[in-house]
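**Q** First, the structure itself, so that you have it in front of you.
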Amino acid sequence: MTTKTIFMAAAAVLAFSTAAPMSAQAQTVRVAIDAARPGPVVDRNIFGQFAEHLGYGIYGGVWVGPDSPIPNVRGMRTDVVTALKALKVPNVRWPGGCFADEYHWRDGIGPASERKPGINANWGDAVEPNTFGTHEFMDFVNQIGTEAYLSVNVGSGTVKEASDWLGYMTSPTTTALGKERAANGHPEPYKVKYLGIGNEAWGCGGSMTPEFYADQMKLYARYVRNFNPAQKGPEAMKRIAVGPDGAKTEYTEAVMKAWKDKTWAWDLEGLSLHNYTVGGWPPHLPSTGFGEADYATLIKETLGMDNLIATHGAIMDKYDPEKKVALVVDEWGAWLAPAPGTNPGFLIQQNTMRDAVLAAVNINIFARHADRVRMANIAQMVNVLQAMILTDGPKMVLTPTYHVFRMYTPFQDATFLPAAYDAGTYTAGGVTLPRVDAAAVKTKDGQVWLAVTNIDPNKPAEIVPEVAGRRARAATGEVLTAPNVNSHNTFDAPNTVAPKPISAQARGGQLTLRLPPKSVTVVRLDF
Ligand code: AHR
């Protein structure tokens, strides 16, 4: 359902409802949840992560090596692994990004003495030691309990190199590649659930015309095979092609047309969309110390994701009305100016209450488009762009975005429920936004969960959830808010932006949730 239809439906709902008295400044918003018209499943994969060899995203952030004084399991930092497990991360995209199209997997296998250091030309010309390679990534995947989403090198690699990589990872030990994997310590074939066929082929991934890419993509979709016997049937590897760069539609058209005309010899299961919230390229807006106008501008841009998905979704519908191919938003999030004093090639930025609002608004948009958007990956997991976690040597801090992802875990694989409401408006710096943004789901065991973001940084909101035909008697969950939209957590003050419990009981037959300004709330409704 688009924002517009939500508002239209909400207007109708309001016409029949009696407005509750407003407290001091709060606006009362009745959220009418239609449990009788369940929508599609909100695929848990929309909560995916992206971990690129970029700055401290892997080295320092995930991998410290087995000999590090920082507590680790086989080189993986224990604090980071523990924190990520709580997010129930559904998949991790690796090794890039732009890095993927210059990654040669053979440089990162075998004993330490055989690893081949190179230059990470995309990201600050840092030395890439290749100590974190295929086996380390798969160990990390297993440690946090997630699925692997491997991006293969289309830009500077070959079909054979990519095909050998998957052969190495998934073949039985009766083959030469399987034997080699076993000799490197892993006789069992690895499970590779998702395969990305290149990255941003329109940009850092080769500056290819859409038609040239589509031809390349067919070769990779055919020959990069997964031989793991456990991946036959429903567990079969899903292939994701490069798709649009933001609003540009050429790749959407070309790849979807190729898919429609495909032969028996190849297939695709996903089309990637990359879109960052930037505030104008090159990224220049500060990640801390900003004012309300910058806040409103970035949230407005974030809300544009809805239209973007609708645009590409309409093109996909033309070629694929049955929605077999998923739209995979595998790079999204805020891309801001590098934190002062940091290497600009390392894309280090702070993460504030604004990022929390931005994340929640995006997740709600993905949930509303759950029929087509079945996977998404925030950029990026640790220490890069809109990260979940920041580290500095042995220190670690969880960001406001981390808290939003954890609070939303009940949404994973739950069924979308239409929610109609009159959001009202909030204006700052000449930018007008809906004051609140809400989404509801029903879990497999029948619980109804409601997520509401109060975008307005100045006024509280009173939310009255109304589930047709049922009377909610209580709500219980968590609320994330902060003193300011630019409040953030630091290693010295890690809990400035931290979730707190929230609950409400119905009075006089009405349940009212009082939400603070600039807040994200996720609650279970009890009946
Ligand atoms: O996430 C940082 C970079 O942004 C990725 O490497 C690239 O795919 C995109 O342009």
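The values are calculated or read from the model by the stated rules, or taken from the named source; none is laboratory data. On a predicted model such as this, the values are computed, not experimentally measured, just so you know. No Cβ is skipped: glycine too gets one built from the backbone with ideal geometry, and neighbour counts run over all protein chains shown.
**Q** Are any residues in the range 95-115 under 22 Å from residue 205 (Cα atoms), away from the ligand (no atom under 16 Å from the Cβ) and not hydrophobic (A, V, I, L, M, F, W, C), and if so, which ones?
**A** The answer is 104, 106, 107, 108.
**Q** Between 414, 428, 423, 419, which is in contact with a Leu (Cβ under 8 Å, 6 or more places away or on another chain), of a type in the set (A, V, I, L, M) and either surrounded by fewer than 23 Cβ atoms within 10 Å (Cβ to Cβ) or touching a residue at least 24 places away in the same chain (Cβ under 8 Å) (or both)?
**A** Residue meeting the stated conditions: 419.
**Q** Follow-up question, since we're still on this one. Could you check how many residues of the range 182-208 are of a type outside the set (Asp, Glu) and without any contact (Cβ under 8 Å) to a residue 40 or more places away in the chain?
**A** Matching residues across the range 182-208 total 5.
**Q** What number goes with the only condition from (1) within 16 Å of the ligand (Cβ to nearest atom); (2) over 17 Å from the mean Cα position of the chain (by Cα); (3) surrounded by 16 or more Cβ atoms within 10 Å (Cβ to Cβ) that residue 121 does not pass?
**A** (3)
**Q** Can you tell me which condition residue 90 does not meet? The list is (1) crowded, with 21+ Cβ neighbours inside 10 Å; (2) in contact (Cβ under 8 Å) with a residue 60 or more places away in the chain; (3) more than 30 Å from residue 408 (Cα to Cα), and all the others hold.
**A** The single condition residue 90 does not satisfy is (3).
**Q** Which residue out of 80, 92, 73 is under 28 Å from residue 338 (Cβ atoms) and more than 16 Å from the ligand (Cβ to nearest atom)?
**A** It is 80.
**Q** Report yes if some residue within the range 197-214 is within 25 Å of residue 233 (Cβ to Cβ) and within 16 Å of the ligand (Cβ to nearest atom); otherwise report no.
**A** Yes: the range 197-214 contains one or more residues that are within 25 Å of residue 233 (Cβ to Cβ) and within 16 Å of the ligand (Cβ to nearest atom).
**Q** Next up: Please work out which one of (1) in contact with a Phe, Trp or Tyr (Cβ under 9 Å, 6 or more places away or on another chain); (2) surrounded by fewer than 20 Cβ atoms within 10 Å (Cβ to Cβ) is the condition residue 148 fails and give its number.
**A** Checking residue 148 against (1) in contact with a Phe, Trp or Tyr (Cβ under 9 Å, 6 or more places away or on another chain); (2) surrounded by fewer than 20 Cβ atoms within 10 Å (Cβ to Cβ), the one that fails is (2).
**Q** Find the residue count for the range 353-393, including only residues that are in contact with a Phe, Trp or Tyr (Cβ under 8 Å, 6 or more places away or on another chain), of a type in the set (Gly, Ala, Ser) and more than 16 Å from the ligand (Cβ to nearest atom).
**A** 3
**Q** Yes or no: residue 514 among the charged types (D, E, K, R) and either buried (at least 17 other Cβ atoms within 10 Å of the Cβ) or in contact (Cβ under 8 Å) with a residue 12 or more places away in the chain (or both)?
**A** yes
**Q** May I ask you to say which residue of 280, 304, 313 is in contact with a strand residue (DSSP E or B) (Cβ under 7 Å, 6 or more places away or on another chain) and either within 26 Å of residue 43 (Cβ to Cβ) or within 16 Å of the ligand (Cβ to nearest atom) (or both)?
**A** Result: 313 is the single residue among 280, 304, 313 that is in contact with a strand residue (DSSP E or B) (Cβ under 7 Å, 6 or more places away or on another chain) and either within 26 Å of residue 43 (Cβ to Cβ) or within 16 Å of the ligand (Cβ to nearest atom) (or both).
**Q** On to the next question. Restricting the range 202-234 to residues that are modelled with pLDDT of 95 or more and either on the phi > 0 side of the Ramachandran plot or acidic (Asp, Glu) (or both), which is surrounded by the most Cβ atoms within 10 Å (Cβ to Cβ)?
**A** My answer is 206.
**Q** Just to be sure before I move on: is residue 32 in contact (Cβ under 8 Å) with a residue 12 or more places away in the chain, within 16 Å of the ligand (Cβ to nearest atom) and not in a loop (DSSP other than H, G, I, E, B) in the structure I sent?
**A** no
**Q** Name the pairs: first residue in the range 249-268 and in contact (Cβ under 8 Å) with a residue 40 or more places away in the chain and farther than 21 Å from residue 199 by Cα, second residue part of a helix (DSSP H, G or I) and not β-branched (Val, Ile, Thr), Cβ to Cβ under 7 Å, at least 6 apart or on different chains?
**A** Close Cβ pairs (under 7 Å, with a partner that is part of a helix (DSSP H, G or I) and not β-branched (Val, Ile, Thr)) amount to 260/319; 265/222.
**Q** Go through the range 402-428 and count every residue that is out of contact with any strand residue (DSSP E or B) (no Cβ under 7 Å at 6 or more places or on another chain) and under 23 Å from residue 456 (Cα atoms).
**A** Matching residues across the range 402-428 total 5.
**Q** Out of the range 340-352, which residues are within 16 Å of the ligand (Cβ to nearest atom) and either free of Cβ contacts under 8 Å to residues at least 40 places away in the same chain or surrounded by fewer than 17 Cβ atoms within 10 Å (Cβ to Cβ) (or both)?
**A** Those that are within 16 Å of the ligand (Cβ to nearest atom) and either free of Cβ contacts under 8 Å to residues at least 40 places away in the same chain or surrounded by fewer than 17 Cβ atoms within 10 Å (Cβ to Cβ) (or both): 342, 343, 344, 345.
**Q** Answer yes or no: is there a residue in the range 257-276 that is within 16 Å of the ligand (Cβ to nearest atom), surrounded by fewer than 16 Cβ atoms within 10 Å (Cβ to Cβ) and more than 29 Å from residue 483 (Cα to Cα).
**A** Scanning the range 257-276 turns up no residue that is within 16 Å of the ligand (Cβ to nearest atom), surrounded by fewer than 16 Cβ atoms within 10 Å (Cβ to Cβ) and more than 29 Å from residue 483 (Cα to Cα).
**Q** Right, here's the next one. Checking the conditions here, which among 299, 378 is part of a helix (DSSP H, G or I) and within 27 Å of residue 457 (Cα to Cα)?
**A** 299
**Q** Just checking, does the range 167-177 include any residue being closer than 26 Å to residue 146 by Cβ, in contact (Cβ under 8 Å) with a residue 40 or more places away in the chain and within 16 Å of the ligand (Cβ to nearest atom)?
**A** no
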